[in-house]
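The values are calculated or read from the model by the stated rules, or taken from the named source; none is laboratory data. Fair warning: this is a prediction, and the values are worked out from it, not measured in the lab. A quick note on method: Cβ atoms are made from the backbone with ideal geometry, for glycine too, and the neighbour counts reach across all protein chains shown.
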Amino acid sequence: MNSVFIDGNSLTLHDLVKVARQNYHVDLTDDAVKAVRKSRNYVDRLVEEEKVVYGITTGFGKFSDVSIAKDDTEALQKNLIVSHACGVGNHFSEETTRAAMLLRANALAKGFSGVRLETIRALIEMLNRGVHPAIPEKGSLGASGDLAPLSHMVLPLIGLGEAYYKGELLAGGEAMKRAGITPVILTSKEGIGLINGTQVMTGVGALAAYDALNFAKLADIAAALTAEALNGIKDAYMPDLHVIRPHQGQMDAAANMLQILTDSQRITKEGDLRVQDAYSLRCIPQIHGASKDAFHYVSGKVAIEMNSVTDNPIILADKDRSVSGGNFHGQPMALAFDFLGIALAELANVSERRIERLVNPQLSGLPPFLTEQGGLHSGFMIAQYSAAALVSENKVLAHPASVDSIPSSANQEDHVSMGTIAARKAREIYFNASRVLAIELISAAQAIDLNTKYKGKKLGKGTQAAYDEIRKTIPKVDGDRELYLDFNKAATLVDSNVIVDAVEKAAGALR
């Protein structure tokens with residue numbers, strides 16, 4: 001059985017993808033078990049001694065000054081979950097829900113939250129047996145963590161709410177029953193320990209960041225195909241230009257372009273056809289490279305957050321302390337995910353500009369709108385419209401969520417991050433950008449077929465592999481047809497990463 005072991009310290013982005021998308025089995029390490037037990041023992045002591053500790057023997061938020069009797073601790077934790085499950089909208093996808101569940105279990109496994117071992121194991125069993133809580137997408141401010149969505153995650157754990165099991169939406173208790181998992185009765189610290197954290201925003205954003213890293217490679221491939229279709233000038237990608245402005249992403253993008261275009265007879269040199277290309281071709285390393293650097297920055301922030309303690313209060317058993325702080329605040333991720341969305345939007349922006357160069361005869365020298373019978377056929381005219389609409393929508397979505405804040409809990413929580421909104425927007429921008437790139441790929445393949453001046457000339461090692469992968473499922477457009485079907489096929493190629501795999505097999509690993 002393929003497994004991922006969690007201890008709160010070593011979870012990677014690849015591990016997250018394995019669990020979220022490939023249903024890897026999850027288990028705790030022995031060290032995690034020891035840390036969890038130690039933390040829980042300390043919480044039990046605090047309760048027994050009736051110490052005044054936020055969220056354990058007090059109410060929450062503005063009610064932090066209300067003392068709670070020892071006999072009411074179970075009711076307090078259940079009431080917290082029930083009252084805070086205030087999400088609205090469509091449910092998160094299964095992969096996002098699984099990512100959030102894994103991240104919450106991993107944070108608790110670190111041993112600073114005081115949640116019982118059996119509660120954490122029940123959450124992990126839900127993952128392993130495919131009980132996926134129905135979590136509405138909207139309703140989190142991203143400070144005090146993802147309170148509303150994580151409360152929906154916990155409801156089935158205690159036999160309430162709704163959950164998906166084997167593709168069916170069921171009452172939470174029924175889903176747990178069918179999976180053979182006994183719901184838990186929460187006790188002191190557990191309710192707040194389960195919902196006070198950034199795991200929903202981090203789950204959404206982490207998956208988007210992972211996809212962005214692969215997407216950046218595909219953007220280079222699409223750009224190389226377009227460069228060949230338009231007989232672009234490769235001098236702009238030469239290493240000597242980029243080592244003197246040594247942004248890593250820029251150097252990587254330039255190296256990728258040359259690698260993909262190796263042995264191409266369709267790419268030109270400065271002065272062969274023209275002295276210089278337009279920016280959307282000439283500045284590919286600078287534009288794509290900036291987004292690559294952004295993706296790596298965001299991935300680094302995600303790596304930190306995935307293995308962080310983000311609830312409150314923090315249990316410091318070794319120091320005999322429970323400290324109320326602000327680790328639940330999503331600001332570090334809010335800024336990162338806004339940056340992610342902007343960087344993704346820019347890849348789509350420049351891709352759409354290349355599509356325009358392909359379909360516009362005044363810019364391409366190719367048949368108008370990439371059709372041989374213009375007038376009777378419209379060819380790729382409206383394909384560019386669709387790409388333009390998507391990038392325009394992205395410009396709206398790319399407005400930073402993190403610049404906003406609305407006070408909550410009677411102004412006790414007077415600055416919030418909106419980080420979950422930032423993550424969700426980044427995910428939507430990624431979807432739009434991936435469809436723009438799909439349109440560029442099939443437009444470039446069509447343009448290559450129509451570039452009669454270079455007919456019979458070899459494509460580069462990488463671009464040939466990409467072209468062949470496209471043509472396996474999407475034939476040349478000889479007359480008008482329902483292009484949305486071609487878009488859908490191209491989108492499947494983008495989502496499955498098969499083009500990147502084919503190019504790397506033919507031309508070597510890309511950066």
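How many residues does the stretch 29-45 hold that are out of contact with any Leu (no Cβ under 8 Å at 6 or more places or on another chain) and closer than 16 Å to Ala109 by Cα? Show your work before the answer.
Filtering the stretch 29-45 down to residues out of contact with any Leu (no Cβ under 8 Å at 6 or more places or on another chain) leaves 29-32, 34-35, 38-39, 41-45.
Retained after the next criterion (residues that are closer than 16 Å to Ala109 by Cα): 29-32, 34-35, 38-39, 41-43.
Qualifying residue count, the stretch 29-45: 11.
Counting just the residues of the stretch 139-161 that are under 23 Å from the mean Cα position of the chain (by Cα) and in a helix (DSSP H, G or I), which one comes out surrounded by the most Cβ atoms within 10 Å (Cβ to Cβ)? My answer is Pro149. A single member of Arg481, Arg511 is surrounded by fewer than 16 Cβ atoms within 10 Å (Cβ to Cβ) and either in a loop (DSSP other than H, G, I, E, B) or in the same structural domain as Ile442 (by TED's automatic domain parsing) (or both), and it is Arg481.
Considering only residues that are part of a loop (DSSP other than H, G, I, E, B) and under 29 Å from the mean Cα position of the chain (by Cα), look in the stretch 63-86 and name the one that is surrounded by the fewest Cβ atoms within 10 Å (Cβ to Cβ). Walk me through how you get there before you give the answer.
Looking only at the stretch 63-86, we keep the residues that are part of a loop (DSSP other than H, G, I, E, B), and these are 66, 68-69, 85-86.
Then keep just the ones that are under 29 Å from the mean Cα position of the chain (by Cα); that gives 85-86.
Values: Ala85: 23, Cys86: 14.
Selected residue: Cys86.
Table: residues versus (1) in contact with a Pro (Cβ under 9 Å, 6 or more places away or on another chain); (2) buried (at least 16 other Cβ atoms within 10 Å of the Cβ); (3) not polar (S, T, N, Q); (4) not in a helix (DSSP H, G or I).
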{"site": "Ser10", "(1), (2), (3), (4)": "no, no, no, yes"}
{"site": "Lys18", "(1), (2), (3), (4)": "no, yes, yes, no"}
{"site": "Ser39", "(1), (2), (3), (4)": "no, yes, no, no"}
{"site": "Arg45", "(1), (2), (3), (4)": "no, no, yes, no"}
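Name the single residue, out of those in the stretch 106-130 being outside any helix (DSSP H, G or I) and of a type outside the set (Val, Ile, Thr), that is nearest to Ser308 (Cα to Cα).
Going residue by residue through the stretch 106-130, those that are outside any helix (DSSP H, G or I) are 110-116, 130.
Those left that are additionally of a type outside the set (Val, Ile, Thr): 110-114, 116, 130.
Details: Lys110: 8, Gly111: 11, Phe112: 10, Ser113: 11, Gly114: 15, Arg116: 18, Gly130: 25 Å.
The qualifying residue nearest to Ser308 (Cα to Cα) is Lys110.
State which residue is surrounded by the most Cβ atoms within 10 Å (Cβ to Cβ) when the search covers only the stretch 167-202 and only residues that are aliphatic (A, V, I, L, M) and not in a helix (DSSP H, G or I). Let's see the steps before the verdict.
Of the residues in the stretch 167-202, the ones aliphatic (A, V, I, L, M) are 169-171, 175-176, 179, 181, 184-186, 192, 194-195, 200-201.
From the residues that got through so far, the ones that are not in a helix (DSSP H, G or I) too are 169-171, 181, 184-186.
On the way: Leu169: 12, Leu170: 19, Ala171: 15, Ile181: 20, Val184: 20, Ile185: 12, Leu186: 26.
In this case the residue turns out to be Leu186.
For the stretch 290-304, which positions are closer than 26 Å to Phe5 by Cα and surrounded by fewer than 23 Cβ atoms within 10 Å (Cβ to Cβ)? Result: His296, Tyr297, Ser299, Gly300, Lys301, Ala303, Ile304.
Of all the criteria given as (1) closer than 27 Å to Asp272 by Cβ; (2) β-branched (Val, Ile, Thr); (3) at pLDDT 95 or above, the one not satisfied by Thr452 is (3). A count restricted to the stretch 364-376 and to residues that are part of a loop (DSSP other than H, G, I, E, B) and not acidic (Asp, Glu) stands at 7. When Ile429 is tested against (1) at pLDDT 95 or above; (2) closer than 22 Å to Arg357 by Cβ, exactly one condition is not met: (2). When every residue of the stretch 236-245 is checked against the conditions, at least one turns out to be assigned to a helix (DSSP H, G or I), touching a helix residue (DSSP H, G or I) at 6+ places or on another chain (Cβ under 8 Å) and either of a type in the set (Phe, Trp, Tyr) or surrounded by 24 or more Cβ atoms within 10 Å (Cβ to Cβ) (or both). Can Leu390 be described as at pLDDT 95 or above and either in a loop (DSSP other than H, G, I, E, B) or in contact with a Phe, Trp or Tyr (Cβ under 7 Å, 6 or more places away or on another chain) (or both)? No; evaluated as a whole, the condition is false for this residue. Going through (1) in contact (Cβ under 8 Å) with a residue 60 or more places away in the chain; (2) farther than 30 Å from Leu157 by Cα; (3) among the aromatic types (Phe, Trp, Tyr) one by one, Tyr210 falls short only on (2).
Of all residues in the stretch 377-387, those satisfying the criterion of being surrounded by 19 or more Cβ atoms within 10 Å (Cβ to Cβ) and assigned to a loop (DSSP other than H, G, I, E, B) are Gly379, Phe380.
Checking each residue in the stretch 256-289 for being among the aliphatic types (A, V, I, L, M), within 32 Å of the chain's Cα centre (by Cα) and surrounded by 18 or more Cβ atoms within 10 Å (Cβ to Cβ) picks out Met257, Leu258, Ile260, Leu261, Leu281, Ile284, Ile287. The residue that is surrounded by the most Cβ atoms within 10 Å (Cβ to Cβ), among those in the stretch 311-363 that are polar (S, T, N, Q) and in a helix (DSSP H, G or I), is Ser351.
Filtered by the rule that a residue be within 13 Å of Leu441 (Cβ to Cβ) and crowded, with 21+ Cβ neighbours inside 10 Å, the stretch 487-508 gives Ala490, Leu493, Val494, Ile499, Val500, Ala502, Val503.
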